[in-house]
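Structure first, then comments.
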Amino acid sequence: MTNTKIASVRAQEILDSRGFPTVAATVTLEDGTTGWAAVPSGASTGEHEAVELRDGDKARYFGKGVSKAVANADGELAKAVKGLDAGDCAAVDRKMIAVDGTENKGRLGANAILAVSLASARAAAGKTPLYEFLRSAYGIKSSEWLLPAPMLNVINGGKHADSGLDVQEFMVVPVGAPTFADALRQGAEIYQILKKKLAAMGMTTAVGDEGGFAPKLKTHAEALDVLTEACKGYDVRLALDCAASEYYKDGKYFLEGKAQSVAEVYAGWVSKYGIVSIEDPLAEDDWSGWQALTAKLPCRTIGDDLFVTNPKRLARGIKEKSANAILIKLNQIGTLTETVQAVTDAQKAGFSAVISHRSGETEDSFIADLAVALNAGAIKTGAPCRSERLAKYNRLLAIEAALGPKASYAKGRAFAAPAAAGR
Ligand code: PGA
Ligand code: ZN
């Protein structure tokens, strides 16, 4: 018999893909099994996200150190979870939420709490594949093992690059591939074709934070045109993340340097370029705008900064039909259990749940297993380039191979017209 009671927690300050500090933790069980996990970090963060605790000590990492969060994990959190059964992920998370005692995890830090939450789940999984463990730990009943459609971010703008493009992410979604492996092949080939096309236009092919190119194109239409060209001959669709809070000011949306009626602009792009989803088309508190836009656009609207993976904000969005999909980022809410809750609430309401990385990432591939465990149907984890992005895509290749004939590929399922309940 294995003993999955938590014996100890050791956290560490490590570096993310931008070279800034983040939290990693190792949880050791009484039987000696260990689990490691690392927490990502965003740049275009939502106003309503759980608190990422940073030291603020300008003498270290310009104030971005996480030594306080590490001390909280090693101290208060370790003490709180010691002796708990790591296999009961919900109980471990409940305990940490209670010990922190704040609504936004601001006392001990969502980065500290999440590192322990994920490392504990990994330790409990032991030799069982993580996706399989997560499915049973949260009592998810399905005979299907769905490999998610990758949303490959091949052109970076907004806060992730100095391309000058306001829209943050231009993504390729291989909806027609027979398998995940083939979807990734198509995305990777398109990425290389796009690189050649940009070079031929005299553009730089250096990449942004998520591995996509950051060409200095003058208009969004130019970006969409060259991307459409690169996709010729492939059965793929396009998707956008506008991260529009970044270009919203004084009640107006500024695209390409001028205030615009973005609903009209987006509707034009959707019909011309066959876009299947737009994430954060509007600002994070523009609830009425979201409702009107979701009713208008013939594609999925995905709430990232709007919902911040928070079951409470999602509940409002479901009620008000503000969107019909949610972006899922573990560190926006700060525990595995609340994240799973957000996904299952969304799915019940006919919303799609897209599992996502952050722009600041690590080699941890936890979200790949999470996407499969929850049959999410879509994952967004950057370009097919840079190892912190490929760690997730490569893990999905391994999962698909391990599942063999039990695996099925989601194709465009997450982008299908929403069921009546979700609209
Ligand atoms: P972030 O970007 O991690 O910088 O927030 C990703 C996104 O907006 O989806
Ligand atoms: Zn986003």
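Annotations
- Inter-part distance where the range 267-319 and the range 38-105 are each reduced to a Cα centre, Å: 29 Å
- Annotation: lysines with alpha-carbon distance below 18 angstrom to residue 196 (same-chain offsets under eight excluded): 216, 232.
- Built amide H within the under 5 Å cut-off of residue 409, gap 5+: 147
- Cα shape, the range 58-193, gyration tensor, a/c 1.5 rule: oblate
- Nearby lysines by direct alpha-carbon distance to residue 82 (threshold 26 angstrom, same-chain neighbours under 8 apart not counted): 5, 68, 95, 105, 127
- Cα-based shape type of the range 193-242, given that a ≥ b ≥ c are square roots of the gyration tensor eigenvalues and the cut on a/c is 1.5: rounded
- Protection proxy ranking, peptides 40-49, 16-25, average beta carbon neighbours within 10 Å, highest first: 16-25, 40-49
- Spin-label pair residue 416/residue 398, simplified geometry with 7 Å Cα→Cβ offset, distance in nm: 3.1 nm
- Cross-link partners for residue 411 among the lysines, with Cα-Cα distance under 16 Å and sequence neighbours closer than 8 places in the same chain left out: 380.
- Here's how it looks for residue 378: its modeled amide H is under 5 Å from those of 149, 355, which are all 5 or more places away or on a different chain.
- Accessible area (Å², per residue) of the range 69-110, counting only protein heavy atoms and a probe of 1.4 Å: 43 Å²
- Secondary-structure-derived ellipticity at 222 nm for the chain, considering helices only, amounts to -11000 deg cm²/dmol, per-run term -39500 (n - 2.57) for DSSP H runs with n ≥ 4.
- Prolate/oblate/rounded call for the range 241-378, Cα gyration tensor, a/c under 1.5 rounded: prolate
- Distance in nm between pseudo-label sites at residue 221 and residue 348 (7 Å out along the Cβ direction from Cα): 4.6 nm
- Cα centroids of the range 117-178 and the range 202-262: 22 Å apart.
- Tail weight of P(r) past 33 Å, computed on alpha-carbon pairs of the chain, percent: 30 percent
- The range 159-313: antiparallel DSSP beta bridges as a percent of all, rounded to 5: 60 percent
- As a fraction of the 1.4 Å probe accessible area of the chain, surface on carbon and sulfur atoms comes out at 53 percent.
The values are calculated or read from the model by the stated rules, or taken from the named source; none is laboratory data. For clarity, every value in this text was computed on a predicted model and none was experimentally measured. Backbone-built Cβ (ideal geometry, glycine too); neighbour counts: all protein chains shown. Ligands, DNA and RNA are stripped out before the accessible areas are found, and what is left, the full protein with its side chains, is counted by its heavy atoms. Shrake-Rupley method; radii C 1.70, N 1.55, O 1.52, S 1.80 Å.
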